[in-house]
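Comments concern the structure below.
Any read-out appearing in this document is the output of simple, stated calculations on the displayed coordinates, not a laboratory observation. If you're wondering where the values come from, they're calculated on a predicted model, not measured in any experiment. Cβ sites come from the backbone with ideal geometry, for glycine too, and all protein chains shown count toward neighbours.
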Amino acid sequence: MSVFVDTSALQAALDHSDPNHAMAAELFDRLLGVEDLVTHNYVHVEAEQLIRRRLRAAAARNLLDDVLPALRTVWVDEGTHAEAVRAVSGAGRGASLVDEVSFLVMRSLDINLALAFDADFERQGFRLPHLPPDPQRHTLSEPRAPSAAPSETLDLVSVTELAQRSGRSVNTIQSWRRRRPDFPAPSVELAAGPIWLWDDVSAWIDQRTQRASGAAGR
């Protein structure tokens, strides 16, 4: 499986204060060395400048020396650059030149998964990679009591897994958290990020869908 890596994910992975840091760290941790992670040299330049400005020189060196060498880099040619410039110049296009190059590179390599926290990727039809549940990190089992029935397994999920199971984007889940006061509170806050009971969030999504359907039918 090939996954494109955007500047937004690189920045989030290195910046512990970034709201997407936990998700980015988890995705990199579980994909790096297992899947084909792809970027291009324009992302190198953009990410280095962004991280140097926000996180200082040491973080930029970490990016250049340790992070980017672990990815497969596509070198942008003149034709791809020219096509991206035409796209940026088109009416109604709001993506940056670097993003337009990314879209062209992804389509040329038939990549539809993007490790990106940039809404422009979602608007172009790209989505975050699907990660299988990691029972060692996100599933807890209660010990069996001596005379009790078999223990139940708690179905615990991270933000990334909420997005995957619900068929929504991570950006949508984060928007619900910020804008919907009735969105379920996390069951626990770990260093890797908030964790929910899937049943709680699933029930909330079902109720929201039913309300939306009822409103549309009136």
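Annotations
- Sorting the segments 193-200, 179-186, 97-104 by their mean number of nearby beta carbons within 10 angstrom, highest to lowest, gives 97-104, 193-200, 179-186.
- When only Cα pairs below 8 angstrom with a gap of at least 6 residues are kept, segment 2-123 shows a relative contact order of 35 percent.
- Separation of the residue 108 and residue 30 label points, Cα + 7 Å toward Cβ, nm: 3.1
- Positive contributions from Lys and Arg (+1) and negative ones from Asp and Glu (-1), summed over other residues with Cβ under 13 Å from the Cβ of residue 56, come out at +2.
- Rg/Rg_globular for segment 2-123, with Rg_globular taken as 2.2 N^0.38 Å and Rg from C-alpha atoms: 1.03
- Kirkwood hydrodynamic radius over Cα pairs of segment 43-88, then Stokes diffusion coefficient at 4 °C and 1.567 mPa s, in µm²/s: 108
- Net charge of Cβ neighbours under 14 Å - reference residue 3; Lys, Arg +1; Asp, Glu -1: -3
- Extension gain, residue 66-residue 52: 0.36 nm per intervening residue step, less the Cα-Cα distance, totals 3.6 nm.
- Length-normalised contact order for segment 1-71 - Cα pairs under 8 Å, 6+ apart - percent: 34
- Per-peptide packing, taken as the mean over residues of other Cβ atoms within 10 Å, places 119-126, 4-11, 21-28, 202-209 in the sequence 4-11, 21-28, 119-126, 202-209 from highest down.
- Of 69, 50, 109, farthest towards positive along the dipole that unit charges on Lys, Arg, Asp, Glu beta carbons give segment 2-123: 50
- Approximating the spin labels as points 7 Å out from Cα along Cα→Cβ, the residue 200-to-residue 82 distance works out to 5.6 nm.
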